[in-house]
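Read the structure below first, then the notes.
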Amino acid sequence: MTRHPKTQAGPRTAEDGGTSVVHLTLNGQELLAHPGQTVGAALIDAGIQSWRTTRKNGRPRGLFCGIGICYDCLITVDGAPNQRACLVPVREGMQLSTTAAPVGPATDAPNDGGTER
Ligand code: FES
């Protein structure tokens, strides 16, 4: 899990202007999100840029395409592995985990746009 060095924003709080928040956890750490956000948007908003690594080379992965095509954003949602964070909307009490291995064959491809799974 990597946080963007410039934001270091951490979780969103109710005091920053939002009157309605959704409570999530990522590996047991509480995060707050806006209703209607996707999981990927909530993680980015919290300053988290990557939440898994590739199996072969351990390269960090997070959002890439943002539209459900590349599968770089896989995450476990409420125990269901390999969910695309860019497509799953946040839900109150959602439990996210970065521990599950992604689906698909590992490749030797370089980081050229999400080809290494
Ligand atoms: S960012 Fe490409 S599938 Fe989610």
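Before moving on, here are some points about what is shown:
- Residue selected from segment 30-88 under the condition touching a residue at least 60 places away in the same chain (Cβ under 8 Å) and of a type in the set (D, E, K, R), by the criterion farthest from the ligand (Cβ to nearest atom): 56
- The set of residues from segment 19-36 being part of a loop (DSSP other than H, G, I, E, B) and over 12 Å from the mean Cα position of the chain (by Cα) comprises 19, 20, 21, 28, 34, 35, 36.
- The one condition from (1) at negative phi; (2) assigned to a strand (DSSP E or B); (3) touching a Leu at 6+ places or on another chain (Cβ under 8 Å) that residue 82 does not meet is (1).
- Comparison of 43, 32, 63 shows that the only residue that is surrounded by 14 or more Cβ atoms within 10 Å (Cβ to Cβ), touching an Asp or Glu at 6+ places or on another chain (Cβ under 8 Å), aliphatic (A, V, I, L, M) and modelled with pLDDT of 95 or more is 63.
- Test for residue 104: is it out of contact with any His (no Cβ under 8 Å at 6 or more places or on another chain), outside any strand (DSSP E or B), modelled with pLDDT under 55 and within 14 Å of the ligand (Cβ to nearest atom): no
The values are calculated or read from the model by the stated rules, or taken from the named source; none is laboratory data. Model, not experiment: these values are computed from the prediction. FYI the Cβ positions are ideal-geometry reconstructions off the backbone, even for glycines, and counts take in every protein chain you see.
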